[in-house]
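Undergrad: Provided herewith is a single structure, encoded as structure tokens, for subsequent inquiry.
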Amino acid sequence: MYHEQLKHKTGQLFKAQPKSYNRVYSIEGVIAMSIEKYLSKLESPVDEIARQLHGIIKNHFPEMEEALKWGAPTYSRGKNVCSIIAHKRHVNLQIFLGARIKDAQDLAGTGKDMRHLKFVSAEEIDETRVVKYLRQALEVQG
């Protein structure tokens, strides 16, 4: 069976994909094969924000691996470090262990571990600040 039906604790049925299924669905149901393809599907102003964040990560952290996970560019070094999540009018730079860094109170979010920086324009991206948070996240990760 291609999909297996599972029952969530709320009683709703949903279909789960087998772990061996390695395609990642992204914008408008298109199968995304690269981060560049993902970025090319975004509209202004979120495309500029996402491209600038991608460039900062690639320039300052070339050792990080990049992949599309959960339909978004995700960067890792052994474990996931951050993701670029494009919304209709803004972009979040999600930091997976953001709650554990020393400046966590400056980040948005209330989850157990994840925090994020929210950008509504490329002009408000402070490269030094982004790099500082990502360095701290890498240190916490070990």
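Undergrad: Regarding the range 92-109, can at least one residue be identified that is in contact with a strand residue (DSSP E or B) (Cβ under 8 Å, 6 or more places away or on another chain) and of a type in the set (Lys, Arg)?
TA: No, because not a single residue in the range 92-109 is in contact with a strand residue (DSSP E or B) (Cβ under 8 Å, 6 or more places away or on another chain) and of a type in the set (Lys, Arg).
For every residue, the table says whether it meets (1) modelled with pLDDT under 90; (2) under 16 Å from Leu134 (Cβ atoms).
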position	(1), (2)
Leu39	no, no
Asp47	no, no
Pro73	no, yes
Asn80	no, yes
Ala86	no, no
Val91	no, yes
Ala99	yes, yes
Asp106	yes, yes
Leu117	no, yes
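The rows are residues; the columns are (1) closer than 17 Å to Asp126 by Cα; (2) part of a strand (DSSP E or B); (3) touching a Pro at 6+ places or on another chain (Cβ under 9 Å).
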| site | (1), (2), (3) |
| --- | --- |
| Asn59 | yes, no, no |
| Glu66 | no, yes, yes |
| Tyr75 | no, yes, no |
| Ile84 | yes, yes, yes |
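Undergrad: For the range 57-110, name all the residues that are charged (D, E, K, R) and more than 9 Å from the chain's Cα centre (by Cα).
TA: Quick first cut of the range 57-110, residues charged (D, E, K, R) only: 58, 63, 65-66, 69, 77, 79, 88-89, 100, 102-103, 106.
Within the range 57-110, Lys58, Glu63, Glu65, Glu66, Arg77, Lys79, Lys88, Arg89, Arg100, Lys102, Asp103, Asp106 qualify.
Undergrad: Sticking with this structure for a sec: Only residues in the range 117-137 that are free of Cβ contacts under 8 Å to residues at least 60 places away in the same chain count as the first member; pair them with residues that are surrounded by fewer than 18 Cβ atoms within 10 Å (Cβ to Cβ) and not in a helix (DSSP H, G or I), Cβ under 8 angstrom, at least 6 apart or cross-chain, and list the lot.
TA: Here the result reads Leu117/Ala108; Lys118/His90; Lys118/Ala108; Lys132/Asp103; Tyr133/Asp103; Gln136/Lys102; Gln136/Asp103, each pair linking the range 117-137 to a residue that is surrounded by fewer than 18 Cβ atoms within 10 Å (Cβ to Cβ) and not in a helix (DSSP H, G or I).
The values are calculated or read from the model by the stated rules, or taken from the named source; none is laboratory data. As the structure is a computational prediction, the values presented were derived from the model and not from experiment. Neighbour counts run over all protein chains shown; Cβ positions are idealised from the backbone, glycine included.
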